[in-house]
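One structure is given here, and the rest of the page talks about it.
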């Protein structure tokens, strides 16, 4: 029986935005904010477009609400990403090495910080730190596979 195989590859487009603040930490933080904030804005734009098409109507009020949601989500997720990227870069500089542990520590610090800013206390902050560290470490391991 003949055997067939398919071989190919997928690659994602690279988008580089260079903003030089003169400080590498700020450059990394701003880069993370812009990239992930843009993804969040695009996500909300797609969701809002879907809801408008489903309703079958577009109004000035719904467009204004959509724009507000896009800005809010973009700023929120961009800020979280900026904090994470800045933390990871800072940990890398302190440790003097680039490995998955920086992602884990940066994710844990970011999770704890975001949780504390959200008025959480004690165990919730610890659980959010664990989650942040786990997600960042998993993302780092996945990036090693590609």
How high is the relative contact order of region 23-78, given as a whole-number percent (alpha carbon pairs under 8 Å, six or more residues apart)? 61
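Can you work out the FRET efficiency for the pair residue 145 and residue 39, with r the C-beta to C-beta distance and R0 = 25 Å, to the nearest 0.05? Write down the numbers at each step before the final one.
Numbers: r = 21 Å, r/R0 = 0.83.
Calculated transfer efficiency: 0.75.
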Debye log10 I(q)/I(0) for the chain, one point scatterer per Cα, at q = 0.09, 0.19, 0.20, 0.21 Å⁻¹: -0.41, -1.17, -1.23, -1.28
So between residue 95 and residue 14, what do we pick up on full extension, going 0.36 nm a residue minus the alpha carbon distance? 26.3 nm
Can you tell me the order of 52-63, 114-125 when each peptide is scored by its average per-residue count of other Cβ atoms within 10 angstrom, highest first? 114-125, 52-63
Can you tell me the FRET efficiency between residue 134 and residue 64 if r is taken as the Cβ-Cβ distance and R0 is 22 Å, rounded to the nearest 0.05? 0.05
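Take 127, 70 and order them by how many other Cβ atoms sit within 10 Å, fewest up front.
Exposure proxy ranking, most exposed first: 127, 70.
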For the chain, what's the relative contact order in percent, using C-alpha pairs closer than 8 Å and at least 6 residues apart? 21
Expressed as a whole number of Å, what is the distance separating the alpha-carbon centroids of region 87-114 and region 45-60? 40
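Using just the helices of the chain, give the 222 nm mean residue ellipticity in deg cm²/dmol: DSSP H runs with n ≥ 4 each add -39,500 (n - 2.57), and the total is spread over all residues, rounded to 500.
Roughly -27000 deg cm²/dmol at 222 nm, from the helical runs in the chain.
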Ascending count of other beta-carbon atoms within 10 Å, so fewest first, for 50, 84, 89: 50, 89, 84
Could you grab the Rg to Rh ratio for region 47-131? Cα atoms only, Kirkwood for Rh. 1.20
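Quick one: grab the alpha carbon gyration tensor of region 23-78, order the square roots of its eigenvalues as a ≥ b ≥ c, and give me rounded if a/c is under 1.5, else prolate or oblate depending on whether a/b is larger than b/c.
prolate
Read-outs: derived from the displayed coordinates by stated rules, not from any lab. Keep in mind the model is a prediction, meaning the values are calculated, not measured. We place every Cβ from the backbone using ideal geometry, glycine too, and count neighbours over all the protein chains shown.
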